[in-house]
1. Compute the relative contact order of chain A as a whole-number percentage, counting only Cα pairs closer than 8 Å that sit 6 or more residues apart in sequence.
2. Can you list the aspartates and glutamates whose alpha carbon is less than 16 Å from that of B:LYS71, not counting same-chain residues fewer than 8 positions off?
3. What base-10 log of the normalised intensity I(q)/I(0) is obtained for chain A from the Debye formula, alpha carbons as equal point scatterers, at q = 0.09 Å⁻¹?
4. Shielding by partners for B:190-200, please: the mean number of other protein chain Cβ atoms within 10 Å of each residue's Cβ.
5. I'd like the distance between the alpha-carbon centres of the range B:201-256 and the range A:82-109, rounded to an integer number of Å.
6. Out of A:CYS66, A:CYS54, A:CYS105, any idea which swings most in a Gaussian network model of chain A, alpha carbons joined below 10 Å?
7. What are the extents of the Cα atoms of chain B along their three principal axes, in Å, largest first?
8. What percent do you get for the relative contact order of the range A:7-83 when only Cα pairs under 8 Å and 6+ apart count?
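What follows draws every value from the coordinates through simple rules; no lab data is involved. A quick note: this is a predicted structure, and the numbers were derived from the prediction, not measured. All Cβ positions, glycine included, derive from the backbone under ideal geometry; neighbour counts span all protein chains shown.
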Amino acid sequence: MGYHMSLSISLTINGLKREIALDDPRVTLLDLLRERLHLTGTKKGCDRGQCGACTVLVDGRRINSCLALAASLDGAEITTIEGLADGEDLHPVQAAFIAHDGFQCGYCTPGQIMSAVGLISEGNAGDDPERIRELMSGNICRCGAYQGITEAVLEAQKDLAERNRRDAA
Amino acid sequence: MPLETTSPLPQHRRHGSSAGQPLTRRDGVLKVTGRATYAADNHPDGILYAVTAVSSIARGRVTALDVEAAKAHPGVVEVLTPANRPPLAHDPDEKMPPFGFRVEVLQDDTVRYVNQPIAIVIAETLEAATEGAALLNPVYEVEPARTDLESGKRFDPEGIGIGAPARTAHGDIEAGLAAAVRVTEADYVTPPQYHNAMEPHAVVAQWDGDRVTIDMPNQTLALSCASYAAYFGIPAENVLIRSPFLGGGFGSKAILNGPQILAILAARMLNRPVKLALTRAQMYGPVGHRGRTWQKLRLGVDEEGRLTALHHQALCTTSSFDEFLEPAANASLPLYASPAILAEHEGLRLDVGTPGPMRAPGLASGSAALEVAMDEAAEACGMDPLDFRLANYAETEPVTGKPFSSKALRECYAEGAKRFGWSGRPLAPRTMRDENGFLIGWGMGTAVFHCPHFPAEARATLRADGTALMETAGADMGQGAWTALAQIAAEALGLDPDQVELHSGISSLPDGGIAGGSGHTASAGLALHNAGEDAIARLAELATNDPASPLFGAGNIGVVARSGRLHRRDDESRGESYAEILARAGRSDVVGTAKTARDPAVASAHAMYSHGAVFAEVKVDPDLGQIRVARLVGAFAAGRIINPRLVRSQYFGGMIWGASFALHEEAIADRRTGRIMNADLAEYHVPVNADVPSLDAILIPEDDPHVNPIGVKGVGEIGITGTVGAIANAVWHATGVRVRRFPVRVEDLLISREFA
Ligand code: FES
Ligand code: FES
C-alpha cells in the first residue's frame with residue numbers, strides 16, 4: 001500500500017524501543033502514534049501546528065507531532081502522555097491539572113500537560129504566572145481552562161523543584 | 001485560590017451529602033493520562049479511513065471530478081460522489097424533525113457553500129484517503145457568491161432560533177419613544193463565528209447487518225439515534241451511539257451533519273468499519289456556526305433614567321437553503337423593565353453553511369448589543385452604568401409580567417461591584433491611566449440565560465453490597481456531567497459518590513435528554529434524583545414490611561436514607577444498612593426508575609433565568625491602540641450549585657468566550673469567492689493563555705423552589721453574556737471611542753478622532 005516503499009525506523013516510545021516498518025513516507029509522527037501504534041492519548045486538533053493538542057517530547061524537547069514526519073525521526077526518543085505516570089502514580093503535572101481543574105473536555109489536555117512537562121524540565125517555567133501564560137500559549141484550550149492550567153503549572157513547577165532539592169540533598 | 005463554599009440549601013440537602021462540595025472530576029485521571037476515549041481514538045479491526053473532499057466555491061455546480069485518478073491511487077478503496085452515493089431513506093433536503101436541519105450528503109452536484117462535501121474518498125490508510133481526495137481535482141461551474149448585505153437576499157422569517165417567534169411585542173413602542181426625554185439609537189454588528197471545539201467532528205461507524213454502532217461526539221444521543229434511523233431506514237433501537245467523552249461541543253455536536261452521515265453510509269456500503277474526522281478547515285461549513293448580525297437598538301429614557309421604550313431589531317444571516325437565525329433581539333426581552341418592548345428579526349440568505357446554535361445562541365450576540373446600548377443610554381443620562389441598570393431592574397419578567405422563579409441579580413450586582421471596586425469609577429471616559437501610561441477603562445454588563453428543562457429518564461440500582469449503579473444517557477463535553485450527575489445521584493441515594501457507579505454517554509441507556517441549552521445538569525440530574533428516590537422508596541418498602549427489620553411498620557415516609565442506611569425518622573438509632581435489608585429479603589438488588597420533565601403548570605406561572613453581572617477592566621496602549629483585558633469579575637446566581645469547582649470553570653470558560661467575542665473572534669469571507677480566509681486556528685483568533693487575564697467568578701447563593709425539584713439552573717452559557725458588553729464598555733471608558741462592531745479592533749481605535 002501507500003507508495004509501496006518500506007522504510008524501517010527505530011523509535012524509543014515511552015521507554016520502549018520499537019522497530020517500525022513504515023510503508024508510507026507521508027505518515028506524520030502524530031498519525032503514526034494514533035493510527036498505527038494506537039497510542040491515542042496524543043490528540044489532533046488542527047494537523048497544522050496551530051493548536052498544540054499533539055504536543056509530545058522528542059529527545060526531551062516539546063514538538064508538535066503533526067508537523068514531524070515519522071520517517072525523519074529514526075533513533076529518536078519519544079515521550080507521550082501515556083508515558084508520564086509511573087504505574088498508578090501520576091506525574092506531578094498530571095496531579096496538579098486535576099487539583100486545579102486545568103481542563104474541561106480534556107481534549108487539549110495531553111498537549112497542555114506535555115508542554116508543561118517540557119517547559120518545566122527546560123527550567124523555563126519559573127514562578128511568574130505571566131511568563132507561564134506566555135510560554136503555554138502554543139496550546140489552545142477552547143474550553144477556556146487557562147486559569148487552572150496556569151495554577152497547575154505553577155504548583156507542579158514548585159513541587160518538582162522541591163523534589164529535585166530533596167534528591168540533591 | 002480558595003473555592004467558594006456555597007452551602008447547599010437545607011430543603012434540598014440530605015445530611016452528609018456530597019452535593020455542593022467542590023469534588024475534583026471523576027474522569028480526571030482518564031483525561032490527564034490520555035486514557036479518555038474520544039471518537040477518533042477507536043480502531044475496530046479492518047478499519048477504513050474516509051476523507052471528505054470539499055468545495056472551494058460558494059455557489060454553483062461541480063461539473064467534473066477525477067474519480068479515476070483518485071481510485072488509481074494505491075490504497076484508495078472507493079470514491080463516493082453524487083453518481084454512486086447509495087440512497088437514504090429520509091430526503092436530506094427535508095428537515096429532520098423535531099429540529100434537525102437539511103444536510104448536504106451528495107444528493108446532487110450543486111454547491112451551496114464553501115467547504116460543502118462534494119465527494120468522499122475511502123482508503124486503507126489516512127494518507128491514501130487524503131491524497132485521493134486531493135487528486136479529485138474538481139471543475140466547477142461558478143455562480144457569484146452572495147456574501148454580504150448587498151448581495152444577500154432579505155426575508156421575513158417564520159421563526160428564529162429553534163422555533164421562537166420572529167417578533168415579540170409588549171406595549172406601544174412608538175408611544176414609549178414619544179414619551180421619552182432622551183432616545184439613544186445605535187447600530188451594532190457581530191461577525192460570523194465558528195464553534196471550533198478542539199476535537200474535530202469525528203465518527204467511527206461499523207455495521208452488523210442492519211444494526212450500526214457509531215462512535216461519535218454527540219450532545220443529543222436519543223434524538224440522534226432516531227435521526228440516523230430515519231436516514232438509514234432502520235429502527236431507532238438498531239442505532240447505538242457511544243459518546244463517552246466529547247472534546248467540546250458548544251452546540252456544534254448537537255445537530256447531525258453531512259460528513260458524518262456519509263461516513264456511516266460508506267461503512268454500510270463497503271461493509272467495513274469507517275473512520276472519518278473533519279480537518280480543522282472543514283469545520284468552517286457543514287457543522288454550523290454563529291451567524292452574523294446587524295442590530296439596531298432604540299432606547300427611550302425618562303427624566304429619572306427609566307426606560308420608556310426598548311426596541312431591538314436584528315437582521316440575521318442564514319444559508320440559502322435552510323434557516324437558523326440568531327434570536328439576537330430576544331436578548332432584550334428578559335432583562336430590563338420597560339412599558340414598551342419590541343424585539344424583531346429579519347433574515348438574510350447568504351451562500352454559507354447553515355448556522356446553528358453556538359454557546360449562548362442569540363443571547364451572546366444580542367446581549368453584546370444591548371449591554372453597549374445600555375451603557376450609551378447611561379452615558380447620555382449622565383448616570384453610572386450600574387445605577388442605570390438598577391433603575392431599570394425588572395421585578396417581574398418585562399414582557400409577560402410573570403414572577404421570576406428566583407432572581408438574585410441585585411446581589412450579583414452588589415457583590416461583583418464590591419469585589420471589582422466599581423464604586424470609585426469616574427463617569428467620564430479617558431480619565432484613568434496606569435503607571436506605564438496605558439489608558440484604563442472599566443465597564444460592566446448584565447448576564448442572563450434561560451433555564452430549559454428537557455425530558456429525561458434514569459435508572460437506579462441499589463446492589464447487594466450496598467453500592468449503586470446509576471444510569472442515564474447523558475453527555476460530558478467538559479461541563480463535568482460525570483462528576484455533578486454522580487453527586488446528585490449519590491445524594492438521592494444517601495450514599496457517598498465513591499459508592500455510586502455512573503453509566504452514561506451511550507445511547508442504550510435511559511434517555512438522558514439533551515446536553516445543551518445549559519439544561520443538562522438540571523434535566524439528567526432530576527431524572528437521576530427521582531430514580532434514586534424511587535429505589536430508596538422500594539428499599540424502604542422491603543424493610544418496613546419485614547417484621548425482622550428495626551424499620552418494621554415505620555411506613556415509607558417514616559424512613560430517612562443516609563450514609564448507606566435507612567433510619568427511622570422519629571428515632572435515628574433504629575435503622576439498618578441497605579446491604580442488610582437486601583440480604584434478608586434475598587434480593588440481589590432493587591431498581592428504581594424515573595421519567596422526568598418540567599411541570600407545565602409551574603413553568604407557565606414563572607419566568608426562569610440564571611442571572612449575573614460582569615465587570616471588566618481593560619488597558620489600552622495610547623499610541624498603538626492595543627487592547628488587553630486586565631481583569632474580569634463575574635458574579636452569577638444560578639440556583640443551587642452542585643459542584644462549585646466545576647461551576648466556576650464553566651463561568652471562566654464563558655467569560656473567556658465573552659472576551660473572545662469582544663476582541664478576537666471573526667470569520668472573514670473573501671467577498672469575491674465567499675471563501676473563508678481564516679478557516680484555521682492561527683488566523684481565526686481564539687484566546688490563548690496569554691490573552692486571558694485574572695478571572696474571578698463569584699457564586700451568589702440562590703434558592704429556587706420552582707425551577708425544578710432539585711433547584712438547579714444552568715451555568716454553561718451565561719458567562720458569555722454580559723462579558724462582551726462589559727469589555728466593549730470598558731474600551732469606551734478607557735478611550736472615549738464607542739466601537740459598535742465586534743470584535744473591537746486596534747484599527748477601530750486608531751482611525752477614530754476621539755482616540756488621537
Ligand atoms: S494538531 Fe498539531 S498543532 Fe494542532
Ligand atoms: S479542556 Fe477542552 S479544549 Fe481544553
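1. In percent, rounded to a whole number, it is 21.
2. Hits, sequence-local ones excluded: B:GLU124, B:GLU127, B:GLU131.
3. So the normalised log intensities work out to -0.31.
4. Counting other chains' Cβ atoms within 10 Å and averaging over B:190-200 gives 4.
5. Here the answer is 29 Å between Cα centres.
6. Checking each option, the largest mean-square fluctuation is seen for A:CYS105.
7. Result for chain B: principal-axis Cα extents of 87, 74, 50 Å.
8. It rounds to 39 percent for the range A:7-83.
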